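Report on one structure; see the data block that follows.
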Amino acid sequence: MKLFTSARQFLSGTKKDSKSKPPYLLSIRSSTTLIVLTVGLAIFTDIFYYALIVPVIPFSLTVQVGIAEDQVQHWTSILLACYSVALFIGSPVAGVYADHTSSRRWPLLIGLVALAASTLLLCFGDSIGLLVVGRILQGLSAAIVWSVGCALLVDTMKSAVGVAMGYVGVAMSIGLLIAPVIGGAVYAAAGYYAVYYIAFGVVAVDILLRLLMIEKKVARQWIEEDETSGSSEEGADRVDVEAGNSPVTASREGHESSVEASKTDEADRDPSNPAIQDQANNNEEKRIEAANMPNQDSVAPSDSISMWRAAKSLLKSTRLFAALYCLLVESGIMMGFDATLALFVQRTFGWNSTAAGIMFLAVFLPGFISPLVGWLADKYGARWPCFFGFIFMIPLLVCLRFVTDNSIQHKVLLCVLLALLGITLAFANVPLMAEITYVIEAKVAEQPGVFGEKGVYGLGYGLFNMAFSLGGVVGPLWAGYVVESAGWGTLTWSFAIWAASGAVVSYLWLGGKGTKIEGADASQQEEATS
């Protein structure tokens, strides 16, 4: 039992009692750098594992499972969609749990268990059923990592949310950048199982960092106490010295004062005193009058705010729904190319899995500008960077339909268009991730305390994951079936129309410059004048 209690305390970080010693290397383990690194690696691990097998699936389905060649595109799209369905269902659950648990590290470790089980199933599964279950577990793991990880980043970097989400974009880009290349090259050189040996190694490093990390709110259990106790003792000593009193004198004077005060209190509590009776009557009248007065601006105490009430208040935001729709569009387009690009270059250029994996470099290499895009979102709001991303995405998607021949010119054209498309995807994605936090901050500025003490960042990013995963369901299915029935050219211009709808929604309803800050300033002014 003692071992179980110690393990639970270690995983949650909750302080056992006043005599508990702070964890080793507390300042380093709770530093912003380590927390950002841990969340970044968690997201990288999820994306790396997701993207590692994207270029391998079309080739392994025929070898490992024995799927017929004409059914490969069908099952590739279904496996990608299974991941997104699990992500869609698990994200709000993970987000709500993250908002109501004492530590965000505990759900992150649960996500690792699901990821490990997924890795084993996908590695050793020799049937479609096992692969489907593996992808579902992988989606559940991603739901936890993204909902809890993004909420933890917001807790850590409240003053620079856009930049924090830019780091998420970098982690995602690195995973999407190197995983397809490694997956394709390792599969071609060493076979199917060697691909998953790499995945096991990355997961091991991820486990180590998640166990080392300590959240800032957990670290404050020791840091704030030390600072408060120290300052209180110093303050008391300073008052005694300035007053010229020794501890003995101060104690004697305090005793005499307390005796006199007790005598006065006894006189004040005498029911026969008319002044006391009048004061009591006045206080009772004021209490009844205050109870009957309507107060529209009042907010329920934080402990009485239900999960449903917080969610209902958040879902009333038009900005939130605009951001969620734009996320659906962006993720649908990106994952639609995940499902079709490898097969397209194989059929058009005759490339193998290694070359197909290298092609993804062009799409995700520009993701390294994500922190810059996040800084722009912090400075100017989400509207204009996101609108820029979608509006320039339209002609690029249209021009992709001109890649048709197995020639050097068409190969170069494809690489250039995909690289530019990667830039526009970064501009569309990162501001939308930050917009979730901006919406929550604006709600709190309008009605302080509406979400309680713990807030709804986990729920907000759970909804973000739902929109992202819904795009991951729609995009691959759309892309797969359109390519098979109508061809590559039809897919590209249909995606261009979809991107145009994202541009319209982002321009009309996302927050612009100062939207996030003005509400907070107004709230601060009201508090100052009250």
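The values are calculated or read from the model by the stated rules, or taken from the named source; none is laboratory data. Keep in mind that what you see is a predicted model, and the values were worked out from it rather than measured. Cβ atoms come from the backbone with ideal geometry, glycine included; neighbour counts cover every protein chain shown.
Need at least 2 residues that are at pLDDT 85 or above and closer than 24 Å to residue 120 by Cβ per element, so show me which helices (runs of 4 or more DSSP H) inside the range 1-106 make the cut, counting only ones lying wholly within it.
32-52, 72-100
Looking across 442, 434, 428, one residue alone is closer than 19 Å to residue 336 by Cα and not β-branched (Val, Ile, Thr). It is 428. Looking at the structure I just gave you, is residue 94 among the hydrophobic types (A, V, I, L, M, F, W, C), buried (at least 23 other Cβ atoms within 10 Å of the Cβ) and more than 14 Å from residue 131 (Cα to Cα)? Yes, satisfied.
Looking across the range 145-185, the residues that are surrounded by fewer than 24 Cβ atoms within 10 Å (Cβ to Cβ) and touching a Lys or Arg at 6+ places or on another chain (Cβ under 8 Å) come down to 155, 156.
Pairing each residue of the range 90-102 that is closer than 17 Å to residue 309 by Cβ with any residue that is of a type in the set (Lys, Arg) and modelled with pLDDT under 85, provided the two are 6+ apart or on different chains, yields C-beta distances under 7 Å for 99/454; 100/454. Every test in (1) surrounded by fewer than 23 Cβ atoms within 10 Å (Cβ to Cβ); (2) in contact (Cβ under 8 Å) with a residue 40 or more places away in the chain; (3) hydroxyl-bearing (Ser, Thr, Tyr) is passed by residue 485 save one, and that test is (2). Since residue 455 meets every condition but one in (1) surrounded by fewer than 22 Cβ atoms within 10 Å (Cβ to Cβ); (2) in a helix (DSSP H, G or I), which condition does it not meet? Among (1) surrounded by fewer than 22 Cβ atoms within 10 Å (Cβ to Cβ); (2) in a helix (DSSP H, G or I), the lone unmet condition for residue 455 is (2).
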